[in-house]
Amino acid sequence: MKTADFDYDLDDHFIAQYPREKRDEAKLMLVDRESFDLDHVHFYDLVDHLRPGDLMVINDTRVRPARLYGHREGKEEKIEVLLLKPLKGGLWECLVKPGKKMKLGTKIIFNGQLEGEVCHITEDGSRHIAFHLEGPEEDLEKVFEDIGQMPLPPYIKESLKEKEDYQTVYSHYIGSAAAPTAGLHFTKELLEKIKGKGVEIVPITLHVGLGTFRPVMVEDVKNHHMHSELCMVSEEAADKVNRAKEEGRRVIAVGTTSMRTLESMVEDGRLISGHKWTDIFIYPGFDFQIVDALITNFHLPQSTLLMLVSAFASKDIIFHAYEEAKKHDYRFFSFGDAMFIRKESACSSSKK
């Protein structure tokens, strides 16, 4: 299986540069994962295509405003520091631009409260930085929130009007370098309608890493190594998912991050509680044990996420759906429109 098999053409005008003014007014494509049947509705219509008893799993991670701007001590040149993840001993793994000038011991001044010092340089060029704060160390996250900017993917050229535009309405546990974008379509009002229909909503957590934006660089898909991301499932969440499976109710993953968490935390066909670093790579041929349906956006060519959805439906069905999406002027990628992939009888107005 070749990486090039998952390529497709997409003109730039399809790439959404900003969120819709009302989140749930995005387009929603209904996709049957066993046939070529498609239907076109809006995301607010999702409630009409859910069943009482369905269990919907959401990722409640919150994006850290991880892009910081400062300058080297005694210099005026602007330095960009991208927080990747916290390390032991109070250090943070970061990407720094321009990196070549960030030698060991370099001090970076961010504002009157915060400065950083480069303490280690890794083989891949990232830096381990110790941050020094005038005030309690527990206030560091608050300073990041105040001065940091959202780490938007490289294909988004427009600036956000509000930081919350890149957070789900149910975001809670801070730690992601990118949003679980399928969840961006939900409003609090839509979630209440879904609950009112008798759908159970269960939160889990996966902190999305920047590796989600990294392209697959190998020719053979099987040789690609996924980045690791921290995922967590509570005992309550595991119990609810296992009960739904036992009772034959659908488990619906909101986003590829929820799916990767659910399919990572499986033992003997049951979801287990706990936390782990997962590098699960889902591509065609994968044996799904938990997820019955998936709500997801439209993904980049040759990406691991496109491979994942091609595994859940089939490559032929997904590529057919993507071509139909272009014909119907869907918006692609992080702020784009969505699809609901499930196993259904023929849709009411299928388009082939």
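Which FRET efficiency, nearest 0.05, do GLU34 and HIS172 yield, Cβ-Cβ r, R0 41 Å?
About 0.70, to the nearest 0.05.
Restricting to the chain, compute how many DSSP beta bridges are antiparallel as a %, nearest 5.
DSSP beta bridges in the chain are roughly 70 percent antiparallel.
Taking 8 Å as the Cα distance limit and 6 or more residues as the minimum spacing, I'd like the relative contact order of region 156-222 as a percentage.
Answer for region 156-222 is 35 percent.
Residues with beta-carbon under 10 Å from that of PRO284, excluding PRO284: net charge, scoring Lys, Arg +1 and Asp, Glu -1?
0
Kindly put SER159, SER303, SER176 in sequence by how many other C-beta atoms sit within 10 Å of each C-beta, fewest to most.
SER159, SER303, SER176
State the answer as a single residue: which of LEU38, SER159, VAL169 lies farthest towards the positive end of the charge dipole of the chain, with beta carbon charges of +1 for Lys and Arg and -1 for Asp and Glu, about the Cα centre.
SER159
With the crude spin-label approximation of a point 7 Å out along Cα→Cβ, what separation in nm comes out for GLU73 versus ILE147?
1.5 nm
Give the lysines whose C-alpha is closer than 28 Å to that of LYS78, dropping any in the same chain fewer than 8 places away, or say none.
LYS78 reaches LYS88, LYS97, LYS100, LYS101, LYS103, LYS107, LYS142, LYS157, LYS161, LYS163.
Would you tally the net charge around GLY196, using a Cβ to Cβ cut-off of less than 14 Å, leaving GLY196 out, and scoring K and R as +1, D and E as -1?
Value of the local net charge: 0.
Using DSSP to call loops (not H, G, I, E or B), can you name the trypsin sites (Lys or Arg not before Pro) in region 252-304 whose Cβ has at most 10 other Cβ atoms within 10 angstrom?
none
With a cut-off of 8 Å between alpha carbons and a minimum separation of six or more residues, what is the relative contact order of the chain in percent?
Computed over the chain, the figure is 27 percent.
Which order results if ASP32, ASP165, ASP337 are arranged by neighbouring Cβ count within 10 Å, fewest first?
So the residues, fewest neighbours to most, are ASP165, ASP32, ASP337.
How much length is gained on full extension from GLU93 to GLU219, taking 0.36 nm per residue of separation minus their Cα-Cα distance?
Gain on stretching GLU93 to GLU219: 42.5 nm.
Which of the listed residues, THR261, GLY125, VAL216, is farthest toward the dipole's positive end in the chain, when Lys, Arg count +1 and Asp, Glu count -1 at the beta-carbon?
GLY125
Lys and Arg at +1, Asp and Glu at -1: add these up for the other residues within a Cβ distance under 11 Å of CYS231 and post the number.
Summing Lys/Arg as +1 and Asp/Glu as -1 gives -1.
Relative to the present Cα-Cα distance, how much length would full extension add between TYR8 and SER228 at 0.36 nm per residue of separation?
Length gained between TYR8 and SER228: 76.5 nm.
If R0 is 22 Å, what FRET efficiency do you get for GLU189 and GLU158 from their C-beta distance, rounded to 0.05?
0.25
Any chance you could run the full-extension gain for GLN289 through ASN111? It's 0.36 nm times the residue separation minus the Cα-Cα distance, nm to one decimal.
59.2 nm
What GluC sites (Glu not before Pro) does region 238-285 have in DSSP loop regions with at most 15 other beta carbons within 10 Å?
Taking region 238-285 and a limit of 15 other Cβ atoms within 10 Å, the loop GluC sites (Glu not before Pro) found are GLU247.
Let me spell out the model: positive unit charges on the Cβ of Lys and Arg, negative unit charges on the Cβ of Asp and Glu, origin at the Cα centre of the chain. What dipole size does that give, in debye rounded to 20?
340 debye
Bear in mind these aren't lab numbers, they're just calculated from the coordinates by the rules spelled out. If you're wondering where the values come from, they're calculated on a predicted model, not measured in any experiment. Using ideal geometry, Cβ is built from the backbone for each residue, glycine included, and neighbour counts are taken over all protein chains shown.
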